């Protein structure tokens with residue numbers, strides 16, 4: 001549980017003394033405060049990665065994560081490390097060891113994960129922006145549920161050095177903020193080269209993506225969708241998947257998960273077997289597909305993913321933007337049943353898998369509310385179009 005001597009009404013920050021660092025005296029982010037998910041290393045401090053046995057079996061980090069170093073050099077101050085799902089392997093933000101951070105936009109509901117504490121800290125005003133990681137969903141989903149702006153960059157455009165891996169083929173550093181302009185300012189510090197300056201000239205509204213969202217979400221997002229449609233002369237409603245085939249959108253999650261679970265085990269299986277951590281998530285039986293995977297199984301999993309990556313990228317050429325709901329439904333209630341959580345998670349992760357499989361940049365913006373609860377609208381672009389997407393989000 002959080003240290004009672006440290007004020008944290010959101011329950012967003014890690015227990016014990018805060019990990020705080022002062023940034024450079026000047027720079028493009030001077031005067032701003034940020035938080036970092038507890039899978040980012042800070043030299044001299046142990047990284048907890050959301051699990052007390054991980055914390056117990058790992059010593060202080062030797063170096064600080066590249067993303068944290070860059071933000072400090074740009075003048076931002078680190079205000080603390082935040083609670084997360086165990087090893088970032090989760091989507092709703094409930095951690096049975098450290099609790100569930102508050103969703104300030106919907107206090108009776110989950111904040112979303114795995115970057116739960118980062119989203120809570122930003123939405124609650126404790127910091128100006130926060131670092132998270134996004135492998136399958138973990139920045140974009142909590143951004144949507146907490147009414148924030150969140151970005152998953154093009155895979156490989158932000159250094160993962162000094163970040164505890166989950167699934168290297170999927171892992172990205174992402175970040176959250178309360179306004180899109182700040183999201184772009186942080187991007188200018190974190191993004192490496194490889195940007196694509198092609199103007200955004202065409203917008204596609206994938207019919208199959210909207211069909212996965214519940215009707216109240218679609219209806220609430222309709223005004224924002226029409227506003228975006230009016231900005232582009234070239235628009236269409238083409239599907240992103242291929243219905244009634246293995247390329248149907250409903251299969252996207254399975255394709256990414258088949259690779260992810262195997263890579264999670266490659267990264268952490270030996271530690272799980274040796275440590276036997278107190279966890280229902282980090283358990284051999286829970287990860288049996290990865291634990292019993294063969295070289296042939298990994299090749300088959302990657303082949304299915306590669307097929308979809310080519311398919312997706314062909315539908316998002318340079319200059320094209322996909323517009324779709326970030327998630328399929330409203331945030332589940334805290335303590336909801338596995339069945340209720342599953343009804344939210346599966347279609348939502350299918351939507352979020354588009355950018356994951358394609359290695360594409362995605363920005364989630366606060367699109368609307370349903371009964372006072374936020375729902376996000378997402379923009380997905382071609383590889384390297386991160387800056388253009390962020391500029392479009394800031395112009396909305």
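Taken together, the values in this text are just the output of simple stated rules run on the coordinates, not laboratory data. Note that the structure is a prediction, hence the values are computed from the model and not measured. A quick note on method: Cβ atoms are made from the backbone with ideal geometry, for glycine too, and the neighbour counts reach across all protein chains shown.
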Exercise. Quickly rank 99-109, 78-88, 197-207, 38-48 as a protection proxy: mean count of other C-beta atoms within 10 Å, highest first.
Key: 78-88, 38-48, 99-109, 197-207
Quiz item: At 222 nm, what helix-only mean residue ellipticity would the chain give, in deg cm²/dmol to the nearest 500, using -39500 (n - 2.57) for each DSSP H run of four or more?
Solution: -11000 deg cm²/dmol
Quiz prompt | Rh by Kirkwood over Cα pairs, then Stokes-Einstein D for the stretch 33-190 at 0.692 mPa s and 37 °C, µm²/s | solution = 220
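Taking every eigenvalue of the Cα gyration tensor of the stretch 202-395, multiplying by 5 and rooting it, what semi-axes result, largest first, whole Å?
In descending order the semi-axes read 32, 21, 15 Å.
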Quiz prompt | Overall Cα dimensions of the stretch 248-354 - principal axes, largest extent first, Å | solution = 49, 39, 20
Practice problem: Starting with the highest mean, order 374-384, 209-219 by the number of other Cβ atoms within 10 Å, averaged over the residues of each peptide. | Solution: 374-384, 209-219
Quiz prompt | Whole-angstrom Cα spans of the stretch 140-205 along principal axes, big to small | solution = 36, 30, 25
Self-check item: Spherically averaged projected area in nm², based on the convex hull that wraps the Cα atoms of the stretch 306-348
Solution: 4.4
Quiz item: Most exposed first by the Cβ proxy, i.e. fewest other Cβ within 10 Å, how do 134, 386 rank?
Solution: 386, 134
Quiz item: Based on the Kirkwood radius over alpha-carbon pairs, what value in µm²/s does the Stokes-Einstein equation return for the translational diffusion coefficient of the stretch 13-110 at 20 °C and 1.002 mPa s?
Solution: 150
Self-check item: Relative contact order of the chain, pairs being alpha-carbon contacts under 8 Å that are 6 or more residues apart, as %
Solution: 18
Practice problem: For the stretch 238-277, restrict the atom set to alpha-carbon positions and state the Rg and Dmax in Å. | Solution: 15.6, 49
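Compute the Kirkwood hydrodynamic radius of the stretch 198-272, taking the inverse of the mean of 1/r over all pairs of distinct Cα atoms, and give it in Å to one decimal. Show your work: numbers first, answer last.
Details: mean 1/r = 0.0655 Å⁻¹.
Final number for the Kirkwood radius of the stretch 198-272 is 15.3 Å.
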Practice problem: Compute the relative contact order of the stretch 33-190 as a whole-number percentage, counting only Cα pairs closer than 8 Å that sit 6 or more residues apart in sequence. | Solution: 24
Self-check item: Cβ-based exposure ranking for 350, 137, in which fewest neighbours within 10 Å come first
Solution: 350, 137
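Taking the mean number of other Cβ atoms within 10 Å as a proxy for protection, how do you rank 335-341, 112-118, 363-369 from highest to lowest?
So the order, starting with the most tightly packed, is 112-118, 363-369, 335-341.
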Quiz item: When a footprinting reagent is the concern and you count Cβ atoms within 10 Å, what order do 122, 345 take, fewest first?
Solution: 345, 122
Practice problem: Can you check how the C-alpha radius of gyration of the chain compares to 2.2 N^0.38 Å, as a plain ratio? | Solution: 0.91
